[in-house]
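This report refers to the structure that appears directly beneath it.
Nothing in this text is a laboratory measurement; each read-out follows from the coordinates by a stated rule. Just so you know, these numbers come straight off a predicted model, no measurement behind them. Please note: Cβ atoms are built from the backbone with ideal geometry, for glycine as well, and neighbour counts cover all protein chains shown.
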């Protein structure tokens, strides 16, 4: 346990947390919406500091990050809790459930990443921003050892803590769960605008890729997809966008996303974006990276493995176009 950052003390031993847009006012003995920041006698604590539920070596493609050290591995860690409560959460057991945790200090995480020759540490599985103090401290140590830091996040974080965290973060995959505030309010119990702002800020400091889980009848309409794509293009046409297939999970039981829906969304997005992917569809050609200029495959993916088959350094072997990659 460690005293939290980004909060203020109020009267009657109450506190207000300023980490995320919920701005929870928390009475003594209570926790915020994330369930992991607790007011004890007027002081706010992170009760998950150095507490993990999961750790292991993953391909970086699993995050998914397709343009950040392709083919490398990330030492991936996660804990419990989240500041959104999505009805369709794919990891609800740890984000919204009660899973036992175990103690692992930052130094050990960095040592394990080095032992397994991981290019990066990924803060993932649940929402890393609510694990702020531990993520930041671990990221500082990792940087000193030449290890990159990767966030897989919902982007629901206030500007001040985000900017400070970006000083030690190299890449992010940010979920843009939909492009309507109604979706965020009804299915996630949050709001859209803070996520868009977080993406725009992060783009100026780190490598960013975006993921949208397409859910039939909820966020897969053509007009909404076009609005999403227009916004991503305004942030940067080189920003990779992953359309991921939904499967029924947690509270939401609508049927899984037809592959044709993902293909249609990808086709729309490719009108304005350089790199658009289809996720959760094993072996689909939309999982590969193609040259935006000539259409030549430059990175071929089989499962979570990545093979650069059409690249000369970071250029397309066929036409010489510079592919947006960080090696």
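Data table
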{"quantity": "Descending principal axes extents, region 2-138, alpha-carbon based, whole Å", "calculated": "53, 34, 27"}
{"quantity": "Largest-first ellipsoid semi-axes for the chain, taking √(5λ) over the Cα gyration tensor eigenvalues, angstrom", "calculated": "33, 23, 17"}
{"quantity": "Overall form of region 195-268 per C-alpha gyration tensor (a/c, 1.5; a/b vs b/c)", "calculated": "prolate"}
{"quantity": "Zero-based 10 Å bins, Cα pair distances in region 76-170, whole percents", "calculated": "16, 48, 31, 5"}
{"quantity": "Helix 132-144 vs. the chain, principal-axis angle (Cα, 0 to 90°, nearest 10)", "calculated": "60 degrees"}
{"quantity": "Ranking of 140, 276 by count of other Cβ atoms within 10 Å, fewest first", "calculated": "140, 276"}
{"quantity": "Principal semi-axes in Å for region 2-46 [√(5λ), Cα gyration tensor, largest first]", "calculated": "13, 11, 10"}
{"quantity": "Computed over region 268-327, Kirkwood Rh from alpha-carbon pairs, angstrom", "calculated": "11.9 Å"}
{"quantity": "Inter-label distance, nm, simple model (7 Å from Cα along the C-beta direction), residue 180/residue 200", "calculated": "2.3 nm"}
{"quantity": "Degrees, to the nearest 10: 193-203 long Cα axis against longest axis of the chain", "calculated": "60 degrees"}
{"quantity": "Per-q log10 I(q)/I(0), region 34-104, q = 0.19, 0.22, 0.27 Å⁻¹ (Debye; single scatterer per alpha-carbon; no solvent)", "calculated": "-0.90, -1.03, -1.15"}
{"quantity": "Stokes-Einstein D (µm²/s) once Rh is taken as the Kirkwood radius of region 180-304 over alpha-carbon pairs, at 37 °C in 0.692 mPa s", "calculated": "213 µm²/s"}
{"quantity": "Degrees between helix 106-115 axis and first principal axis of the chain (Cα, 0 to 90, nearest 10)", "calculated": "30 degrees"}
